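The values are calculated or read from the model by the stated rules, or taken from the named source; none is laboratory data. From a predicted model like this one, the values you see are computed outputs, not experimental measurements. Please note: Cβ atoms are built from the backbone with ideal geometry, for glycine as well, and neighbour counts cover all protein chains shown.
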Amino acid sequence: MLNDILAISPITIIAIAAGLILLLTVAGGEKRPAPIQSTHLNLIAILALGWSGYLLWGHSTDAAVFSERVLIDGVFSAFGLISILGALLAILVAIAYLQEHKLAAGEFLGLILLSTVGMLVVIGAGDLLNLFIGIETMSLAIYVLAGYLRDSKLSQEAAMKYFLYGAFASAFALFGIALLYGECGRLTGAASIKYSQLSSAFKTGELGLLGWIGISMILGGFGFKVAAVPFHMWAPDVYEGAPTPATAFMAAGVKAASFAALIRFIDSVILVQGQPSESLIQAFELLAIMTMVVGNFVAIRQTQIKRMLAYSSVAHAGYVFVGLSAWLAQPGHEALSGVAYYLCGYTFMTVGAFAVVIALEHRDKTKANLSIDDLSGHGIAHPFLGLCMSIFMFGLAGIPPSVGFFGKLAMFGAAVDAGRIPLVIIAVLASAVGAYYYLRVIVVMFMQPLNKEAKIIRSPWLQSGLLTCAALTLLVGTLPESYFSMLRSLLKSWL
Amino acid sequence: MDILNAHLLSLITFLPLLGAVLLLTFPRHEGHGARGFTLGLSLVEFLISLLVWQRFVPSNTGMQLVEKVEWIPTLGISYSLGIDGLTLLLVLLTTALMPLVILSTYSSVEKYSREYCMAMLVLQTGMLGAFLATDLFLFYLFWEAMLIPMYFLIGIWGGQRRIYAAIKFFLYTMAGSLLMLVAIIYTVWTLKDQGGITFSWAELTERLASTNLGTAELWLFAAFALAFAIKVPMFPFHTWLPDAHVEAPTGGSVILAGVLLKLGTFGFLRYAMWLFPKAAVFFIPSLTILAVIGIIYGALVAMVQKDLKRLVAYSSVSHLGFVMLGLLALEPTSTSGAVLQMVNHGISTGALFLLVGVIYERRHTRELSEFGGLAKVMPRYAVFFIIIALSSMGLPGLNGFVGEFMILLGAFQSPGLPLTFSTAELAQTGVYLLQLFALIAIILVSRKVWSLQNAQRGQITLIFTFVLSIVVALILVGPPLASFKGGLLTQPLLSVASDTEPFREIFALLSAIGALGVIFAAVYLLIAVQALFYGELSNQKNQNLKDLSGRETLIFVPFILAVVILGVYPKPCLDAIQPTVNAYVKHIRQGAGLTTLQKPAKAKVKKTVPARNSTIKSLPSRNIKELKVSPRGKLLRRLDITKPNRVFKEK
């Protein structure tokens, strides 16, 4: 039992830190307004995340604890690290935002940490119930974060929309879980929602129609969380309305966690039945193609930068699905390590891009959202900001030398290896379309005149967040070997 | 010193990037320090490249000064650089142009000159890296990364429609390159079973030589060729070029025309044709026809331009058509000539863009009708302009002649290319692919026609383009119908099984048509010269134009020297180029299953042209010496005699 508790310490550390932060906030008494800035709370959050991340980085032995209900293994450490990194970067960029918009810091930090706990549970879940609890923990915190700007209607709308859609998605997923539970009972006589038992049941027995319905319902739930087309409708509104640091966190962390859980689910429920059928792979490919095409093409038409980034995040979910299709077609660690690498790179780039947005959302003009044209001339007026944004945009467009390029190479390479060449051609063409709207941001920032006073938020926290994201985008992109081979060995031992 | 020697190529590649980083420490709004620094750095770069030339052993046809370090071993990616006879002169061209470009920025760039210098230096790293890389991943990285500084150069320092031009440039090039990326990925991952995954150019060459990829090879070549054809640019993928050139700042145009376009032609030889020789031979007829169309089309369009810069831009389309013709003929003389012509074009066209920049800075217009009689007020400028124009139109004694002549001579005697794909399935795929390309070509051309109509250009151009597009399509890939036996390319493909006749006549014909381009070049360049310098000095605004300043003279003197030296004594350059290029041609011909050259079968030929019966390798230098002094009539007669006589057989 003690070993079990120790094994999940990456999760508990963050949970304890979250509790501590909330307690310290309350301990301040009934000060109104609540403190908007508190260095020690920031430090607690950053230290907790750093510690947990350190533990995951040094992960060596796999463990299935609490009678196989929590799996501390390669996937947990590979993807958990991404979620933690996302949370860390989101906090770095959030501090300046909270100050500028006079928002309470304690709750915000606490909610981000709680949501991270949820993500880690999602990633490590060894049974479908833990998965569900994790998803709900993660999501509930984010619903609140989305509505954190209490006097902004857009923010309220975002929270409401996300919550309602999310509730439906959860309900579907839950029903799917129930169906799988029944299916497992039908096949083995002992119903269970543990992955280990589901696997052994589906390995031998033929999965019935209800089982497949259950699987597709759960996949739909994941599709909602990662904003894959056609489950993406909520994304633009929520991304636009939510406070920008929360959007950054949501875009990066939730995606990584949900993909990790999806991978675990596919591995223990679908892949155990043997090589998946061609039609199943094609279904995944179709999902990938729709997501990439819709995401990229609709992003072109956007005028609000956050909506543009929302559709871009939809498109990037599509690229990840290319990697997943490759994995389904040819199960192995090559495609999966590409996926993990890509999600990590995506985290740097997207949090970075939102950080630039945060820097431009100074108080006297906010509420009305930032349009792409508002960026005009800022690249020249603020070279550091412009340089960072160029790095993120070129990275998201997949131009070398950046983490976005190498990630695409690794995933598309695996897909070509698995013989999915038409899919890869569509994917690269879609990213050519994507280049258009990323370039537009750079055009506006550098090639159009400054039409208003170029006022930006300056804060050491924000600057360091931006610098970290930009440096990681370039460094991990040009020297990917150590991280990439670590992912490979982690996922190789997992499979 | 040893370390320096071992990493000479890394030094030359990354020194500019380091310089760009150091430029960040310079004050932001004061340009002179930054310019001086960049000028010094680019001169050092040039000196290092001379050192590279000195270390270079011409007779060695492999990669030299090789550096190789494992970089991403998990995916078989290594950091490896190397230089050979193909790239040596291109590297020299790059490093030589850069100081001159920087020198020109003293007057042409007014705002953000520090950032301009940074973009130029980053661009230089990208270009040199793309030339020197011997790993496909590294090559692609430089190839794509190069777009970024060029995009900023056009977009920030460009003219009126700079944003449109910058985006068009970026997206055109990127769309092509992405398909090349898929091809690279496919090649690498398909061949990974043969001893592990690798991106190494040399290793992949070996593996590809011993692997039969079947129809996939056609697609792979097509993907590579598309990326390079856009970069060259070959007709009909050239539409980004006039926009990019006209809108780019002077320095950007010089580098774009001088070096960037050469990456396309370089890529054809080093990657597309080298890696996939069988497919290359299959596509060469159609590509050659496109190259010749490019020669004629570019020249004709250049003739009717009213904007001087646009004229020079279209002349690039024409000149690069020559280069492509030379490369595709796969004949040692013509291919060496093509490589030399890449350098020549870089010098001549680079200088022309700088010259255009000079009057643009003075008058802020490039309309030919605004000028006239400038020879009176700007005599020195006129002299320089005319010398460069003459070199660009291929006047014997100047550099352009050597390259163009070798290309035409070689292409004319090209032994031709028998079709090596002989199964019906392959032929079918080929027809299908070709018709796809033709369709794309027609769409692009009709769009061009449409925009011409909107711009109210001359009716003749309009009708010409329209008719051309249809004729081209029919000639190329028209389906067999009634008495028409099918297009030039469909016809042999459809009856392919027994047909091993070389495409020799086609090459002879095409080079004859291409030769017209030389005459057209004279026409449009002389039109420009006339409009600029002769006639009355009628325009009041031109009365007080200043002649070239000392600094500007300093820019053009090296160009004039290069033009004359390369024209009179090209031997050192040819010596560096030829052994390597011969090896390239040999490799591609062998890989495609084509025989090497045989001695002439007919004794009659032997008598008429005694010099001809030795191998082709010994041809170029001798002929050029002879022909430089011959009058034009004699030259043509000579060409007539040298009609191809050698017989080629399959192994």
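Points to keep in mind about this one:
- Filter pass, residue B:264 being at pLDDT 90 or above, closer than 26 Å to residue B:105 by Cβ and within 12 Å of the chain's Cα centre (by Cα): yes
- If you go through the range A:99-113 and keep only what is crowded, with 24+ Cβ neighbours inside 10 Å and more than 12 Å from residue A:41 (Cα to Cα), you end up with just A:112.
- Within the set B:85, B:62, the sole residue that is of a type in the set (Gly, Ala, Ser), surrounded by fewer than 23 Cβ atoms within 10 Å (Cβ to Cβ), touching a residue at least 12 places away in the same chain (Cβ under 8 Å) and more than 14 Å from chain A (Cβ to nearest Cβ) turns out to be B:62.
- Evaluated against (1) modelled with pLDDT of 90 or more; (2) of a type outside the set (A, V, I, L, M); (3) within 24 Å of residue A:376 (Cα to Cα), residue B:140 falls short on exactly one condition, (3).
- Counted residues, the range B:206-245 - those being of a type outside the set (D, E, K, R), under 20 Å from residue B:279 (Cα atoms) and assigned to a helix (DSSP H, G or I): 16
- Criterion (in contact (Cβ under 8 Å) with a residue 12 or more places away in the chain, in a helix (DSSP H, G or I) and basic (Lys, Arg)) met by exactly one of B:28, B:35: B:35
- Residue check, residue B:301 β-branched (Val, Ile, Thr) and farther than 30 Å from residue B:369 by Cβ: no
- Condition met for residue B:126 (surrounded by 24 or more Cβ atoms within 10 Å (Cβ to Cβ) and within 9 Å of chain A (Cβ to nearest Cβ)): no
- The residue list A:100, A:68 contains one member that is closer than 18 Å to residue A:351 by Cβ, charged (D, E, K, R), in contact (Cβ under 8 Å) with a residue 40 or more places away in the chain and out of contact with any Phe, Trp or Tyr (no Cβ under 6 Å at 6 or more places or on another chain), which is A:100.
- Any hit, the range B:207-215, residues being in contact with an Asp or Glu (Cβ under 9 Å, 6 or more places away or on another chain), surrounded by fewer than 18 Cβ atoms within 10 Å (Cβ to Cβ), more than 25 Å from residue B:261 (Cβ to Cβ) and within 13 Å of chain A (Cβ to nearest Cβ): yes
- Among the candidates B:309, B:262, residue that is out of contact with any Asp or Glu (no Cβ under 9 Å at 6 or more places or on another chain), basic (Lys, Arg) and over 18 Å from residue B:230 (Cα atoms): B:309
Here's the yes/no breakdown for (1) in contact (Cβ under 8 Å) with a residue 60 or more places away in the chain; (2) within 24 Å of residue B:544 (Cα to Cα); (3) surrounded by fewer than 18 Cβ atoms within 10 Å (Cβ to Cβ):
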position	(1), (2), (3)
B:361	yes, yes, yes
B:365	no, yes, yes
B:382	yes, yes, no
B:387	yes, yes, no
B:394	yes, no, no
B:397	yes, no, yes
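- Restricted to the range B:71-85, and to residues there that are among the hydroxyl-bearing types (Ser, Thr, Tyr) and part of a strand (DSSP E or B), the residue that is nearest to residue B:270 (Cα to Cα) is B:80.
- Residue list for the range A:387-399, restricted to those being facing chain B (nearest Cβ under 10 Å) and closer than 22 Å to residue B:29 by Cβ: A:387, A:390
- Residues within the range A:122-132 that are in a helix (DSSP H, G or I) and buried (at least 24 other Cβ atoms within 10 Å of the Cβ), tallied: 5
- Answer from B:92, B:97, B:103, B:121 - the residue that is in a helix (DSSP H, G or I), in contact with a Phe, Trp or Tyr (Cβ under 9 Å, 6 or more places away or on another chain) and aliphatic (A, V, I, L, M): B:92
- Count of residues meeting criterion [more than 13 Å from chain B (Cβ to nearest Cβ) and crowded, with 19+ Cβ neighbours inside 10 Å] in the range A:464-489: 7
- Those residues of the range A:400-444 which are under 27 Å from the mean Cα position of the chain (by Cα), aliphatic (A, V, I, L, M), more than 7 Å from chain B (Cβ to nearest Cβ) and more than 15 Å from residue A:322 (Cα to Cα), in sequence order: A:403, A:433, A:441, A:442
- Take the conditions (1) outside any helix (DSSP H, G or I); (2) buried (at least 24 other Cβ atoms within 10 Å of the Cβ); (3) within 12 Å of another protein chain (Cβ to nearest Cβ); residue B:111 misses just one of them, which is (2).
- Failed item, numbered, when residue B:219 is tested on (1) closer than 30 Å to residue B:289 by Cα; (2) modelled with pLDDT under 90; (3) away from every other protein chain (no Cβ under 13 Å): (3)
- Residue within the range A:110-120 that is modelled with pLDDT of 90 or more and in contact with a Phe, Trp or Tyr (Cβ under 7 Å, 6 or more places away or on another chain) present: yes
- Qualifying residue in the range A:368-376 (condition: over 17 Å from residue A:292 (Cβ atoms), more than 10 Å from every other protein chain (Cβ to nearest Cβ), surrounded by 23 or more Cβ atoms within 10 Å (Cβ to Cβ) and of a type in the set (A, V, I, L, M, F, W, C)): yes
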